[in-house]
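**Q** Below are the C-alpha cells for one structure; questions will follow.
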Amino acid sequence: MMQHCQLQCIDQSIDCGVARMQMDKLNQTLTAVKNLRSNVRQCFEHLADGTDGEGIDESRNKFVHDFQDRFGAINSQLREVEQLINGLQVPPTAYHLGNTTFLAQETSQDRQALYPQLVNSYKWIDKVHDHSILAFNNLNQNTLRRSYNYCSQKRQRLPFSSFNNDPDHIDKLLSEINHPPHTSYKVFRPFGSNAVAIVTISNVLKAAIVFKGVLIEWVTIKGYDETLEHDDLWAESRYEVFRKVQEHAHSAMLHFFSPTLPDLAVKSYVTWLNSHIKLFLEPCKRCSKYIANGLPPTWRDLRTLEPFHEDCRNS
C-alpha cells in the first residue's frame, strides 16, 4: 500500500514537472510572437515615414540600409517563432478551464460576454499585483523618517519654547546679526514681554517687526521719512513702493518661519531685510533696469538676495 502511494506521488510530481516545462515553452513562444509583431509594426512605421528631403541620395541609401536591417531581424525572429511552435506539444485533452467552461453554454446575450470580461479582470489583477510588489520594494528602500515604516512608532514631541524666552533674548539676537552700516535696531515692549523691533535701514526704509516670543508675527514697512511708532504698527505706508516691499516681506516671513529653529529664522529674515539697503540703487538682475512699471526692484531673492522686479522674478 505504501509503495502504491509513493508511486502515485512520483507520477504526480513528474506530471507537474512536465506541465511546468510546457508552460515555460508556451510563455517563450508567446513572448517571441509579441516581439515579432512589435518589430513588424516598427518596420511598417519606418516605411510610412519615408526619407527626408535633405541629401536625397544619402538619405535614400540610409533608408534602404535601415529597412534591410529591420527586415533581416524580422526573418530571424520569424524562424525563431516557427522553431518554438514546432517544439510545442499538442495537449492530449482540452485545457481544463474550471467552471468558466459553462459560460459558453449560456443562451442569454447578457451572460455571453462574461468570459472576456473575466479574462480582462484576471489580467488587471495580475498587473495590480506586479505594481504592488514594485511599490513595496521601493517603499522598503526609503530611509526617510516620514515613510510608513515609522508610522507605528510614537513620535516624540519636540521641545517648543519659542513663546517663553528671556525678555532680553531679542536684544541679544539682533546684536549677533551682521548688519550693514547705517542700520540700527530699537526694541521696545508695548505688549508686555513680547518685543517690537524697529529696524532703520540707512536712509531707505523703516521696518517694525512684531514678535511673539521669538516668532515673527507681523511686519510693517514704511519710508524713512514716515513715522513708525508702537501706536501705528498696523498702518500701511503712503508710498506704493514700500507697500509692495511689505507684501514681499510677509512672503519672506512665511518662508523663513521655523518654530523648531526660531533663532535661525529671525537671523535669516533680518539678513534678508537688510538686503534692501540699496533698494533704489541696484538694477534688476533679469532686465537690468532700475525702474519697471514705475517701481524699482522690490523683490529680493530668498537665497541669493539678488534684486528683481515683481514681473521679472516670475519670468
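The values are calculated or read from the model by the stated rules, or taken from the named source; none is laboratory data. Bear in mind the structure is a predicted one, so any value in this text is a computation, not a measurement. Note that we place each Cβ from the backbone using ideal geometry, even for glycine, and neighbour counts take in every protein chain shown. To get the accessible areas, we keep the full protein, side chains included, count just its heavy atoms, and leave off ligands, DNA and RNA. Shrake-Rupley method; radii C 1.70, N 1.55, O 1.52, S 1.80 Å.
**Q** Could you give the size of the charge dipole of segment 168-312 about its Cα centre, using +1 on the Cβ of each K and R and -1 on the Cβ of each D and E, expressed in debye and rounded to the nearest 20? Could the numbers behind the result be given before it?
**A** Working: 16 positive and 18 negative charges, 65 e Å.
Here the size comes out at about 320 debye.
**Q** Same structure again: Add +1 for every Lys or Arg and -1 for every Asp or Glu among the other residues with Cβ under 12 Å from the Cβ of VAL64, and state the total. The partial results should precede the final answer.
**A** Values: positive: ARG60, LYS62, ARG70; negative: ASP57, GLU58, ASP66, ASP69.
Result for the local shell: -1.
**Q** Within the set of other residues whose C-beta is less than 14 Å from the C-beta of THR31, count the net charge using Lys and Arg as +1 and Asp and Glu as -1.
**A** Details: positive: LYS25, LYS34, ARG37; negative: ASP24, GLU80.
Charge balance in the 14 Å sphere: +1.
**Q** Sticking with this structure for a sec: Report the gain in length on full extension from GLN28 to ASP263: 0.36 nm times residue separation, minus Cα-Cα distance, nm rounded to one decimal. Walk me through the numbers before you get to the answer.
**A** Details: separation 235, 0.36 × 235 = 84.60 nm, distance 6.53 nm.
Roughly 78.1 nm would be gained on extension.
**Q** Find the all-direction average of the projected area of the Cα convex hull for segment 168-312, expressing the result in square nanometres with one decimal place.
**A** Details: hull surface 33.1 nm².
Average of the hull's projected areas for segment 168-312 equals 8.3 nm².
**Q** Here is the link list: LYS222/LYS267; LYS267/LYS289; LYS206/LYS267. Which ones come out longer than 28 Å on Cα distance?
**A** In this structure, LYS267/LYS289 exceed 28 Å between Cα atoms.
**Q** Considering only DSSP states other than H, G, I, E and B, which chymotrypsin sites (Phe, Trp or Tyr not before Pro) in segment 176-255 qualify as loop sites with at most 12 other Cβ atoms within 10 Å?
**A** Details: sites: TYR185, PHE188, PHE191, PHE211, TRP218, TYR224, TRP234, TYR239, PHE242; in loops: TYR224, TRP234, TYR239.
Listed in order of number, the matching sites are TRP234.
**Q** Could I have the simple spin-label model distance between SER121 and GLN83, label points 7 Å from Cα toward Cβ, reported in nm to one decimal?
**A** Distance between the two pseudo-spin positions: 4.2 nm.
**Q** What's the local net charge at ALA252, with K and R +1, D and E -1, over the other residues with C-beta under 12 Å away? Provide the component values of the computation, followed by the final result.
**A** Numbers: positive: ARG300, ARG303; negative: GLU247, ASP301.
Residues close to ALA252 contribute a combined charge of 0.
**Q** Which one of SER268, LEU215, PRO190 is farthest out on the positive end of the charge dipole of segment 168-312, using unit charges on Cβ (Lys, Arg +1; Asp, Glu -1) and the Cα centre as origin?
**A** SER268
**Q** With the crude spin-label approximation of a point 7 Å out along Cα→Cβ, what separation in nm comes out for LEU134 versus LYS62?
**A** Between LEU134 and LYS62, the simple spin-label model gives 3.4 nm.
**Q** Also, I was wondering about something else. Can you give the accessible area of LEU205, probe radius 1.4 Å, in Å² rounded to 10?
**A** 0
**Q** Quote the accessible area belonging to HIS182 in square angstrom, nearest 10, computed with a 1.4 Å probe and with ligands, DNA and RNA left uncounted.
**A** Only protein atoms counted, so the area is about 150 Å².
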